[in-house]
Structure formats: structure tokens, C-alpha cells
1. Starting from the amide H of residue 51, placed 1.01 Å from N in the peptide plane, find each other amide H under 5 Å away whose residue is 5 or more places distant or on another chain.
2. Which ³J(HN,Hα) values in Hz, rounded to whole numbers, follow from the phi angles of the stretch 51-56 under the Karplus curve 6.51 cos²θ - 1.76 cosθ + 1.60, where θ = phi - 60° and Gly and Pro get x?
3. Starting from the Cα of residue 136, step 7 Å along the direction of its Cβ; do the same at residue 118; then give the gap between the two resulting points in nm.
4. Kindly write out, for the stretch 83-88 in residue order, the coupling ³J(HN,Hα) from the Karplus curve 6.51 cos²θ - 1.76 cosθ + 1.60 (θ = phi - 60°), rounded to whole Hz, with x marking Gly and Pro.
5. Tell me, what is the FRET efficiency for residue 111 and residue 64 to the nearest 0.05, using R0 = 30 angstrom and their Cβ-Cβ distance as r?
6. Using the count of nearby Cβ atoms within 10 Å as a rough guide to exposure, how do 111, 92 rank from fewest to most?
7. For residue 105, which sequence-distant residues (separation of 5 or more, or a different chain) have an amide H within less than 5 Å of its own amide H, given hydrogens modelled in the peptide plane?
8. In nm, to one decimal, how far is the modelled label at residue 129 from the one at residue 95, with both set 7 Å along Cα→Cβ?
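What follows is calculated from the coordinates using simple rules that are stated; it is not laboratory data. Keep in mind the model is a prediction, meaning the values are calculated, not measured. Here the Cβ is made from the backbone with ideal geometry for all residues, glycine too, and neighbour counts use every protein chain on show.
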Amino acid sequence: MTRAEFIRSLGLSSGALMAVYCLGGLTACSKEQPDPDPAKPGDKLDLSLDLNSPTYSKLQTNGQFAIVTDQPIIVARKNDGTFVAVSKDCTHQGAQVTYQAASDRFNCPLHNSNFSPTGSVLNGPATSALKQYKTELNSAGTTLRVYEG
């Protein structure tokens, strides 16, 4: 018996199932879900980004930034060519920050909190810093390691 046949045998339509999921307190229909964090509790984040991949190729250009897929991180390549990485969610209300190269800061578009490249609060309403990660570019300039120290 397939899943669809089983559900039909219970007499539940797909609309009824969606109502159960959405109204029953489960999060299947919630729009405000944090990005999954595949790291286990206690594990330190340590990943490598391929700067030749379409996802991270813009990090080859000074002043650009990228959101790390499936991780709570934003990485920016500053105008001087160095890399910085911080948590991507504003500590005020969780909106995703962006990097502003002209002012060398991370900005939350929701309430305009600003953070330094190290994640410290420049102005609120946020009062807590973004978490900072360490970065290390390989000698070929093609892979960026982002990790917790």
C-alpha cells in the first residue's frame, strides 16, 4: 500500500492533512524557520568553500559577499581583499544581514542595526554582537576555510 492509498483509506484529504499540520502546532507550514544547522551540539564549525563554484564565485571579487548554504554564516571579501565571516542573522530579531562594502559593515535591513566586520554592534537596536568565524584562504586562492577557533 502506498502512502497516498493509506491516507485515502483514513478518509483524509490533502487539505485536511495540511490543516492538521498547520493548525496542529507542527512547523510544516511555518514561514519563519531557521536554516538547518547540520553540526551536532558540541561540534565546532569547520567548512571549506570552493570559490570557483557558482554559489561562492562572487567571493573572488573585493566588496562582495555570500550566504553560506545550509549554515548560519555570511562571508564577505572586504575591499582590501581579506575575508570576514560572521553569523548571518541579526541578534535583534533574526533578519538576515548583508555586507556593505562602501562602509565596511554588516547591515540588518529590518531595523538598520549595523555591525563591524568583527561582528560587534556599531548601532542598534541590536545590543548583541554577531558571532565571528575565522577564515583562511588556501595558497591557490580557490578554497576558503571558515571555522570556529
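1. Excluding prolines and chain starts, which carry no amide H, the hits are 143, 144.
2. Ordered by residue, 3J(HN,Hα) equals 6, 8, 6, x, 5, 10 Hz.
3. 2.1 nm
4. 10, 9, 9, 9, 5, 8
5. Values: r = 24 Å, r/R0 = 0.81.
Between residue 111 and residue 64 the formula returns 0.80.
6. The order, fewest Cβ neighbours first, is 111, 92.
7. 100
8. 2.3 nm
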